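Q: Structure below; questions to follow.
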Amino acid sequence: MKRTFPPISVWLATAILSALVIFTSSFVLDVREGHGIFYRDFKDRMQNLEEHYQIAEEDKVVIIFGSSLTAMGVQHHDYFYERSQTETGQPIHVFKVYMYSCSAADLQDLPDFFELAIRLKADLVCFEERLLAFNEYNPGMLHVPKWIERFSLRVEGVKEHLLLWAGKGLSDEPRTFDFFWKYHEETFGIDSTTFEPTAFNIRPYQHNKRVNQWLAKLRDTGTQVVMLNLPRPKVTEDALISARKEADFQSFLKQYQENLDLEHWVYPEIIPYSHFTDAHLNRRGMERFSDWLFHQIKAAL
């Protein structure tokens, strides 16, 4: 029997309809859904944090927001809590809150964190320096226009919903921000000067419009805001030091200091590569950085 196929007009109509569904859905879906499992894990962990910890009225609360750099570079809650009780007699809750692969552009679409900080009545909030000050480009990354990037995220959101509907794409990671990866213990014996330099394009203050509005709300509640440098391998740190000397960065920092009373905390040393796993601090580096960070927090509170 001879097989028959639908006329080309049917195939064309189906293709157009599919494209319209994807295009329309991409503008209806929340852009955050395009981050898929990273955003879902981020939301789950925030919910777990609020359900798990009991905070007394007199306790101090510090929240550090960032990406995987924060995840691997900042010690867990118990370290800061127990040390603060021992050294100051005042319990300090330090929560690290992060979303993998988060960028400065992504932060503009994440009111979730700011809402959490207000609910927890944070005394101090730290943001990774790169999430406020820089559009960071690794070697080989393409500079994509913002509208294309946001459209792509929404299309990814459509795909994520389809995967979840099919029972796939579920996370098996712990529902807590405080856990160690097995590679946290590793040190790669690689000279960090072999890294290709990262490009740090300074963001104009005005490009953080939504974030600045949320930061202003935090300041109105009495929260102190800090831009925090997470140590990077030497070649990357050298590029950051150079970027901070530029007039555009100095103007950027001055606007934040004048408008939001922001403080800028920069780790004062170049950390040896033995303290890193790839571009992230390993356990040894995390312990060294967190000791410095504890003293910064203690002095600020």
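Q: Once phi is turned into ³J(HN,Hα) by the Karplus curve 6.51 cos²θ - 1.76 cosθ + 1.60 with θ = phi - 60°, what whole-Hz value does each residue of the range 253-264 show in order, with x for glycine and proline?
A: 5, 4, 4, 5, 5, 6, 8, 10, 6, 6, 9, 10
Q: If you don't mind, another one. Toward the positive end of the charge dipole of the range 168-297, about the Cα centre and with charges on Cβ (Lys, Arg +1; Asp, Glu -1), which of 222, 264, 198 goes farthest?
A: Projecting each Cα onto the dipole axis, the largest value belongs to 222.
Q: Taking every pair of alpha-carbon atoms in the range 54-134, give the share separated by more than 21 Å as a whole percent.
A: Numbers: 975 of 3240 pairs.
The calculated P(r) of the range 54-134 puts 30 percent of pairs beyond 21 Å.
Q: Assuming a viscosity of 1.002 mPa s and a temperature of 20 °C, what translational diffusion coefficient in µm² per second does Stokes-Einstein assign to the range 31-99, Rh being the Kirkwood radius over Cα pairs? Spell out each step's value before the answer.
A: On the way: Rh = 13.2 Å.
Rounded, D is 162 µm²/s.
Q: If you don't mind, there's one more thing I want to ask. Tell me, what ³J(HN,Hα) does each residue in the range 120-127 have, in order and in whole Hz, if you take phi through Karplus 6.51 cos²θ - 1.76 cosθ + 1.60 with θ = phi - 60° and put x for Gly and Pro?
A: 7, 6, 4, 7, 9, 10, 10, 10
Q: Would you grab the residues whose amide H sits under 5 Å from the one on residue 277? Only those 5+ places off in sequence or on another chain, please, with H modelled 1.01 Å from N.
A: Those lying under 5 Å, H to H, from residue 277 are 282.
Q: Find, among the trypsin sites (Lys or Arg not before Pro) in the range 214-277, those assigned to loop by DSSP (not H, G, I, E, B) with at most 11 other beta-carbon atoms within 10 angstrom.
A: Filter output for the range 214-277: 245.
Q: Let me ask you something else. Over 28 Å between Cα atoms, which of 96/182; 43/209; 43/254; 217/254; 217/245 qualify? Walk me through the intermediate numbers first.
A: Details: 96/182 19 Å; 43/209 23 Å; 43/254 33 Å; 217/254 19 Å; 217/245 30 Å.
Those over the limit are 43/254; 217/245.
Q: Cα atoms only: what Rg and Dmax, in Å, come out for the range 195-279?
A: Final numbers for Rg and Dmax: 14.8, 42 Å.
A short reminder: the numbers here are calculations on the coordinates, not readings from a lab. Only a predicted model underlies this, so the values are computations on that prediction, with no experimental measurement involved. Don't worry about glycine lacking a Cβ; one is built from the backbone with ideal geometry, like all the others, and counts go over all protein chains shown.
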